[in-house]
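Data first, discussion second: the structure below is written as structure tokens.
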Amino acid sequence: RRQALMIYKDKPSQTLDGHKITLLANVGNLSEISHTAEVGAQGIGLFRTEFLLMNAKALPDEQQQYKLYSDALHSLQGDVLTIRTFDIGADKEIPCLPQNNEDNPALGIRGIRYSLAHPETFIPQVKAILRAANHGQVRLMFPMVSQVEELDAAFLLIERAKAELIEQEKGFGTLSYGIVVETPAAVMNLPSMLPLLDFVSIGTNDLTQYTLAADRTNPHLAKQYPPLSPAVIQLISITINHCKKANVKVSLCGELGSDPRVLPLLVGLGLDELSINPANLLDVKVALIKGHYAEYVRHAQHIALLTRITDIRSAINAFALDYN
Ligand code: PEP
Ligand code: MG
């Protein structure tokens, strides 16, 4: 099947009527990055850097990270690399770093909260990324941001990282800045945060967990509390509308984007970009290129009227079948 899909690899990623959607890849290491062009990815939309730490004996230092991010950029040959700073905490255990024992780790010191509490971990990573930006197109993305104060604090630390680089006479490049929208608070606070941002990416895995108060790792909840719940779809739609108004690029990097049947809904809601598991990228691309944008918009408008998860699922499956 993979072989049969390869004919789509170099086709433009646009609908029949020419509405373009950028298709990027989700990755967790360098070797995955070097293979994403093989499935037609136009770059990396989510590099989960904490995966670098999961089996590490020690935190890679600034120089080691600089080398790794630069190597990634060289293998991408000019395509964009979206680096998400370490998303430490919650279900992501990192043996080489100090972590508190928390009663509710998913609601605890994770993502940007950990980075702000541990500048000794955050600053070397930011310095490595700033230096790597001399070798290609880099977007920096913060996980688990829910209010503008966190962004203010993160940008202060970025200024500190730049000052240190200047002091040390190390060159660095320019970055674009974004956040993963993965809490309902982030959605509601977008108007205050968007003026500080170049892009946002919707993380539906956590957005679903935090909206529905349903642990993403609990298999007993997955079926009844899916991302295709009206509440989550509305939050995706609100996010996109805020971004359009502020003229900020809006992407989606949760698992939902890797399901080709959901593609018409996501495109119809108005996303600019999707970041997808490499194994699913060509399937999603096929779903994109065989329909018209106007039909996807009508499909999304129809789904917005549905109030039951089963009805949403049926509408999505029926639309997908029509296209096969
Ligand atoms: C998400 O939460 O949807 C996401 C993309 O990030 P992660 O799965 O790494 O938490
Ligand atoms: Mg997440």
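Looking only at LEU68, LEU97, LEU269, which one moves most when the chain is put into a Gaussian network model with springs between Cα atoms under 10 Å?
Checking each option, the largest mean-square fluctuation is seen for LEU97.
Per residue, how big is the convex hull of the chain when only Cα atoms are used? Give it in Å³. Present the calculation step by step, with values, prior to reporting the outcome.
Working: hull volume 43.3 nm³, N = 324.
Once divided by residue count, the hull of the chain is 134 Å³.
Could you grab the relative contact order for the chain? Cα pairs under 8 Å, six or more apart, rounded to a whole percent. Write out the running numbers ahead of the final one.
Numbers: 604 pairs, mean separation 61.1, N = 324.
Result for the chain is 19 percent.
Taking θ as phi - 60°, what are the ³J(HN,Hα) couplings along segment 190-196 by the Karplus curve (6.51, -1.76, 1.60), each to the nearest whole Hz, with x for Gly and Pro?
Rounded to whole hertz, the list is 4, x, 7, 8, 4, x, 9.
Within the chain, what percent of beta bridges assigned by DSSP are antiparallel, to the nearest 5? Could you put the intermediate results ahead of the total?
Numbers: 2 of 31 bridges.
In the chain, DSSP labels about 5 percent of beta bridges as antiparallel.
So if I place +1 on the C-beta of Lys and Arg and -1 on the C-beta of Asp and Glu, and nothing else carries charge, what would the dipole magnitude of segment 58-180 be about its Cα centre? I want it in debye, nearest 20. Could the numbers behind the result be given before it?
Details: 11 positive and 17 negative charges, 69 e Å.
I would put it at about 320 debye.
Where nothing but the Cβ of Lys and Arg (+1) and of Asp and Glu (-1) is charged, how large is the charge dipole of segment 16-112 around its Cα centre, in debye to the nearest 20?
Details: 7 positive and 13 negative charges, 23 e Å.
So the magnitude is around 100 debye.
Once you charge only the Cβ atoms, +1 for Lys and Arg and -1 for Asp and Glu, what is the size of the charge dipole of the chain about its Cα centre, to the nearest 20 debye?
Values: 29 positive and 34 negative charges, 172 e Å.
Charge dipole of the chain: 820 debye, to the nearest 20.
Can you pull out the trypsin sites (Lys or Arg not before Pro) in segment 179-286 whose DSSP state is coil and whose Cβ has at most 11 other Cβ atoms within 10 Å?
Details: sites: ARG216, LYS223, LYS244, LYS245, LYS249, ARG261, LYS285; in loops: ARG216, LYS223.
Answer in residue order: LYS223.
Pick from LEU212, LEU306, LEU274: which residue has the top mean-square fluctuation in a GNM of the chain where Cα pairs under 10 Å get a spring?
Result: LEU306 has the largest fluctuation of those listed.
Restrict the search to segment 1-105; then list the trypsin sites (Lys or Arg not before Pro) that DSSP places in a loop and that have at most 12 other Cβ atoms within 10 Å of their Cβ.
Values: sites: ARG1, ARG2, LYS9, LYS20, ARG48, LYS57, LYS67, ARG84, LYS92; in loops: ARG1, LYS9, LYS57.
Sparse-neighbourhood loop trypsin sites (Lys or Arg not before Pro): ARG1, LYS57.
Could you point to the residue in VAL297, LEU282, LEU266 farthest towards the positive end of segment 245-304's charge dipole, with +1 and -1 charges on the Cβ of Lys/Arg and Asp/Glu respectively?
VAL297
Near the amide H of VAL181, under 5 Å away, which other amide H atoms are found, from residues 5 or more places off or on another chain, if H is placed in the peptide plane?
For VAL181, the qualifying residues are SER201, ILE202, GLY203.
By the scheme Lys and Arg +1, Asp and Glu -1, what is the net charge of all other residues having a beta-carbon under 12 Å from that of LEU228? Write down the numbers at each step before the final one.
Working: positive: LYS223, ARG261, ARG308, ARG313; negative: GLU255, ASP259, ASP311.
Around LEU228, the surrounding residues sum to +1.
Shape of segment 1-154 from its Cα gyration tensor (a ≥ b ≥ c, root eigenvalues): rounded if a/c is under 1.5, otherwise prolate when a/b > b/c, or oblate?
On the way: a/c = 1.94, a/b = 1.74, b/c = 1.12.
Here segment 1-154 falls in the prolate category.
Using 0.36 nm per residue of separation minus the Cα-Cα distance, give me the extension gain between ASP215 and MET188 in nm, one decimal. Intermediate results must be reported in sequence, preceding the final value.
On the way: separation 27, 0.36 × 27 = 9.72 nm, distance 2.14 nm.
Full extension of this stretch gives 7.6 nm more.
Restricting to segment 1-133, what percent of DSSP beta bridges are antiparallel, rounded to 5?
Percentage antiparallel, nearest 5: 20.
Can you list the lysines whose alpha carbon is less than 29 Å from that of LYS57, not counting same-chain residues fewer than 8 positions off?
LYS67, LYS92, LYS127, LYS162, LYS170
Which lysines have a Cα lying under 29 Å from the Cα of LYS20, excluding residues fewer than 8 positions away in the same chain?
Result set, ordered by chain and number: LYS9, LYS11, LYS244, LYS245, LYS249, LYS285, LYS290.
With each label point set 7 Å from Cα along the Cα-Cβ vector, what nm distance links GLN14 and ALA222?
3.8 nm
No lab work stands behind these numbers, since they all come straight from the coordinates. Values in this document were obtained by computation on a predicted structure and should not be read as measured data. Please note: Cβ atoms are built from the backbone with ideal geometry, for glycine as well, and neighbour counts cover all protein chains shown.
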